[in-house]
Amino acid sequence: MIPSKGYAAQSATSDLAPWNFERRTLGPHDVQFDIQFCGVCHSDLHQIKDDWGGSIYPMVPGHEIVGKVVQVGSHVTKFKVGDIAGTGCLVDSCRSCDNCKEGLEQYCLKGRTDTYNALGQDGVTPTYGGYSDSIVVHEDFVLHISDKLDLAAVAPLLCAGITTYSPLRHWKVGKGHKLAVLGLGGLGHMAVKFGVSFGAEVTVLSTSASKEADAKKLGAHNFVVTSDEAQLTSVAGTFDFILDTVSAPHDLNLYLSLLRVNGVHICVGVPPTPYQVHAFSLIGGRRSLAGSLIGGLPETQEMLDYCAEHGIVSEIEMIDIKNIHEAYHRMEKGDVRYRFVIDMATL
């Protein structure tokens, strides 16, 4: 076993605190890399607090992980010591179901293994995430990271990036489309960057008028304050797609009305309460309501390569790990532009 240290929650009511634990000894196909940076996702806080149920403690959060390879198993062919590597939301899957065979491991029919707060494919071994000094992952679930980009700013691409890249690619959003991005946070700001890069006309829908300058700086063509009825009326029935990144309760019927005929509303945020949708909100314009969950390993690598080629990274604020609770409080208030990243050298 490999001695490791990190920050863990011991229960749903305890704060994160230093914790020593063990990573598995490398198997023939495993890669160990020292973690240099780990992004802070809102889902980290949800799972620490057991907001979604089923949390496993002790819990070491973090699934936006980048660092340097320090050891490889005897049969590893994809990585060598010294490579820059990353791991996102997944560390394993069954590998044998139809979805896994298609590179859609996030939809594994037998149950994927998340990077933390999950059990391995043996159904027994808990997984621990990136708020730690190192990690051991099967080479098939490790990603190549370009040295062309700021490594800290790449970390959030492994969740916030792929969560928005995947649906935009799936629905082939691009030139000639009008895309609305609902919410300008960790996910939303990446959706703007990708939407603009893909050639769509991008409008940000936000409750915060103060974010208009940021939206335009990120490349958005238009900005609509959703609390302003006149502004909403002016864009009714105009969008081909809405990418909904909001994780707070909100009225989908209102936003569905902004879609043109055959428009698609794509949910990637996870509000704490179920959506309430009126049938007429859909059938009145042959509109579709859809959802999307991260991406598989091939698509995540494709996204990282695309970002390296086009110079796309997340907008980040670096923090020391001892300030993680302050970061959580600020994140809950929307006070981050636009992703916290932990400098793991501070562990």
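Observations, loosely collected:
- Residues being of a type in the set (A, V, I, L, M) and either surrounded by 21 or more Cβ atoms within 10 Å (Cβ to Cβ) or in contact with a Lys or Arg (Cβ under 8 Å, 6 or more places away or on another chain) (or both) - total across the stretch 256-296: 8
- Residue in the stretch 248-256 that is out of contact with any Phe, Trp or Tyr (no Cβ under 6 Å at 6 or more places or on another chain), part of a loop (DSSP other than H, G, I, E, B) and aliphatic (A, V, I, L, M) present: yes
- Scanning the stretch 160-195 for residues that are in a helix (DSSP H, G or I) and surrounded by fewer than 18 Cβ atoms within 10 Å (Cβ to Cβ) returns a single hit, HIS170.
- Any hit, the stretch 248-262, residues being closer than 23 Å to GLY185 by Cβ, modelled with pLDDT under 95 and touching a His at 6+ places or on another chain (Cβ under 7 Å): no
- Residue, farthest from ASN117 (Cα to Cα), within the stretch 69-92, restricted to residues that are free of Cβ contacts under 8 Å to residues at least 60 places away in the same chain and in contact with a Leu (Cβ under 9 Å, 6 or more places away or on another chain): SER74
- Just one of the listed residues (ILE342, ILE324, ILE312) is open to solvent by less than 40 Å² (accessible area, probe 1.4 Å), farther than 25 Å from PHE194 by Cβ and of a type outside the set (Ser, Thr, Tyr), and it is ILE324.
- When the stretch 257-280 is filtered for residues that are assigned to a loop (DSSP other than H, G, I, E, B), over 17 Å from VAL224 (Cα atoms) and in contact (Cβ under 8 Å) with a residue 12 or more places away in the chain, the ones remaining, listed by number, are VAL268, GLY269, VAL270, PRO271, PRO272, THR273, TYR275, GLN276, VAL277, HIS278.
The values are calculated or read from the model by the stated rules, or taken from the named source; none is laboratory data. Keep in mind that what you see is a predicted model, and the values were worked out from it rather than measured. Counting neighbours? That spans all protein chains shown, and the Cβs are built from the backbone with ideal geometry, glycine included. These accessible areas exclude ligands, DNA and RNA; they are computed on the full protein's heavy atoms, side chains included. Shrake-Rupley method; radii C 1.70, N 1.55, O 1.52, S 1.80 Å.
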